[in-house]
1. Within segment 136-158, work out how many residues are without any contact (Cβ under 8 Å) to a residue 12 or more places away in the chain and closer than 29 Å to PRO209 by Cβ.
2. Report the residue count in segment 37-72 for those that are over 13 Å from LEU86 (Cα atoms), outside any loop (DSSP other than H, G, I, E, B) and not charged (D, E, K, R).
3. Go through segment 90-119 and count every residue that is part of a loop (DSSP other than H, G, I, E, B), at pLDDT 90 or above and either in contact with a Lys or Arg (Cβ under 6 Å, 6 or more places away or on another chain) or closer than 18 Å to LYS155 by Cβ (or both).
4. Pull out all pairs, ordered by first then second residue, where Cβ-Cβ is under 9 Å, the residues are six or more apart or on different chains, the first lies in segment 232-256 and is assigned by TED's automatic domain parsing to the domain that holds SER206 and modelled with pLDDT of 85 or more, and the second is part of a loop (DSSP other than H, G, I, E, B) and basic (Lys, Arg).
5. In segment 60-79, which residue that is among the hydrophobic types (A, V, I, L, M, F, W, C) and surrounded by 21 or more Cβ atoms within 10 Å (Cβ to Cβ) is nearest to the chain's Cα centre (by Cα)?
6. Give just the number: which of (1) farther than 26 Å from PHE195 by Cβ; (2) touching a residue at least 24 places away in the same chain (Cβ under 8 Å); (3) surrounded by 19 or more Cβ atoms within 10 Å (Cβ to Cβ) does LYS98 not satisfy?
7. Tell me, which residue of segment 162-186 that is of a type in the set (D, E, K, R) and in contact with a helix residue (DSSP H, G or I) (Cβ under 7 Å, 6 or more places away or on another chain) is surrounded by the fewest Cβ atoms within 10 Å (Cβ to Cβ)?
Amino acid sequence: MMISTKKYYLISIKSLIFFILLISCSSSQKDKETAVLNDVETYQRGLSSLEKSDYKKAVDEFNNLSLNHPFSSLAKKSDIMTAYSLYENNEIKKAIGKLENYIEMNPKDDFSDYAHYLLAMCYYIQVSSQGRDPSLSKKALNSFKLILTKYPNSKYAKDSRIKIEYIQNALAVNELNIGKFYLKKNAPASSIKRFKSILQNYQNTSVIPETLYRLTEALLMIGLKKEAVKSDAILKYNFPNNEWTNLSNSLLKKKSSSSRKVGLTNSIKNYFITIFD
């Protein structure tokens, strides 16, 4: 009789354990299904993590939304927010990869203009740490220019113009410094190439007066006096009161007044015709 009772209790205990596990599994499965279905809550959790500057968690939340709700109305926005979270977390390469993939898959999406802008910013924030390598600056420059071309009325257009101006000036300064380095090394021919590049590609930058002065200096070093006079004349015409114009006077003070007037009516835009005709 005791054996039967023991057996009965064992069967009862096993049945109870199985029943508890069954309920637990059902509850767990139900919780998972509820979590998967709640895309809005997942998105809100991502935003909440962003506000707390917990960018890694924000990336996880937005990625979960995109993975579990690919057809949600929030899916594309979540992809953009993932890239932004990566950007804020200084995971720039991952952010660039995410944005490039987004732009490729959504070339005309509502968030495409911002995707292009954020991609440009990913390159832009790296500009100051690149030293003399201009590749990142040029990528940023081209990205911002693309925004003005594709989205001229975008709310990101104004800031893109400001960034373009800054980058062009930085690139021009870099070219000028390299040209001056060649001058110090007594290699005027190499420096002239750099100065010509500035005058061709960065005409509205702040280094143009010094560039024209250095070009005059380099031309005199290789004996091209006529071309040097023309470069000096363009400097005087475009920047009559500039400090570099005053310095240029001492370089060509022995030239005749008639020689100095050559090319005075020419702008920087047409300087190649004036100097190297």
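1. 2
2. First, pick out the residues of segment 37-72 that are over 13 Å from LEU86 (Cα atoms): 37-45, 47-48, 51-52, 64-72.
Subsequent filtering for residues that are outside any loop (DSSP other than H, G, I, E, B) retains 37, 39-45, 47-48, 51, 64-68.
Narrowing the set further to residues that are not charged (D, E, K, R) leaves 37, 40, 42-44, 47-48, 64-68.
Matching residues across segment 37-72 total 12.
3. Here is the first cut: in segment 90-119, the ones part of a loop (DSSP other than H, G, I, E, B) are 90-91, 106-111.
From what is left, the residues that are at pLDDT 90 or above are 90-91, 111.
Those still in the list that are either in contact with a Lys or Arg (Cβ under 6 Å, 6 or more places away or on another chain) or closer than 18 Å to LYS155 by Cβ (or both) too: 111.
Summing the residues that are part of a loop (DSSP other than H, G, I, E, B), at pLDDT 90 or above and either in contact with a Lys or Arg (Cβ under 6 Å, 6 or more places away or on another chain) or closer than 18 Å to LYS155 by Cβ (or both) in segment 90-119 gives 1.
4. What qualifies is ASP232/LYS255; ALA233/LYS261.
5. Ranking the qualifying residues of segment 60-79, first place goes to PHE62.
6. (2)
7. Step one: filter segment 162-186 for residues of a type in the set (D, E, K, R), giving 163, 165, 175, 180, 184-185.
With the extra rule that they be in contact with a helix residue (DSSP H, G or I) (Cβ under 7 Å, 6 or more places away or on another chain), the set shrinks to 163, 175, 180.
On the way: LYS163: 22, GLU175: 23, LYS180: 18.
Out of the qualifying residues, it is LYS180.
The values are calculated or read from the model by the stated rules, or taken from the named source; none is laboratory data. Predicted model, so just to flag it, every value in this text is computed and none were measured. All Cβ positions, glycine included, derive from the backbone under ideal geometry; neighbour counts span all protein chains shown.
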